[in-house]
1. What residue among Arg87, Arg118, Arg59 shows peak mean-square fluctuation when the chain is described by a Gaussian network model with Cα springs under 10 Å?
2. Quote the accessible area belonging to Val161 in square angstrom, nearest 10, computed with a 1.4 Å probe and with ligands, DNA and RNA left uncounted.
3. Hey, could you pull the Cα Rg and Dmax for the chain, both in Å?
4. Relative contact order for the chain: what percent, with Cα pairs under 8 Å and sequence separation of 6 or more?
5. What GluC sites (Glu not before Pro) in segment 78-171 are in a loop by DSSP, with at most 14 other Cβ atoms within 10 Å of the Cβ?
6. Would you mind pulling out the separation of the Cα centroids of segment 67-97 and segment 113-130, in Å?
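The values are calculated or read from the model by the stated rules, or taken from the named source; none is laboratory data. Bear in mind that the values here come from a model prediction, so they are computed numbers and not experimental data. Heads up, the Cβs are rebuilt from the backbone with ideal geometry, glycines too, and the neighbour counts pull from every protein chain shown. Calculation scope for accessible area: heavy atoms of the full protein, side chains included, ligands and nucleic acids excluded. Shrake-Rupley method; radii C 1.70, N 1.55, O 1.52, S 1.80 Å.
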Amino acid sequence: MPDISVQFHASPSELFDFVHEISHSFELFIVAMRYSPFEALEIDNTQLARVFQEEASFRRLALTLAKPTMPVSGGLDFADKNPDHLRIEIGRLTENGLEQSWLTARTEDLQALSLWKRIANRLRKRTRSGVMAVNRETGVSVPMRSFRYSPGAKALEVDGVAMLPPQGANGPRLTLGDA
């Protein structure tokens, strides 16, 4: 099954602008999700800003071409009922640093796949590739050429904000642009 996966760091405002633009341009349906306890809310583009507010606990967005099948009991139930969605994990700016975001999709629907590829390419055009990951204990570094970052994330890093890997603050230290 074809899939798309783009791991990246972007400032909260850049991520909001990107999602707002694509959801509006392509007339996509939006579902915002939070966990513990799980909640999935269908929202429209005018409600998107509240998902990105600092105090918001939403961690994932799902974008669909058609009205999503709801209600759902969890993320897997959503994926089962809406198999052709585009998922965006929201990387938050926390006291520990900027979390990594992730745009991903897996579908056999050719119309959805074509659009999700176009959206992934838009994201790639707004970001640069190359991140250096350094093991915090051994100091060994590894280039992560497929990881991406936005200008806003780089500006945050220059200002002293740590870039967090998917493992969080206990994972490798990341440096943008050094791969």
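1. Arg118
2. Surface accessible to solvent at Val161 totals approximately 40 Å².
3. When restricted to the Cα atoms of the chain, Rg and Dmax are 16.3, 49 Å.
4. Computed value for the chain: 25 percent relative contact order.
5. Glu95, Glu108, Glu137
6. What the calculation gives is 19 Å, centre to centre.
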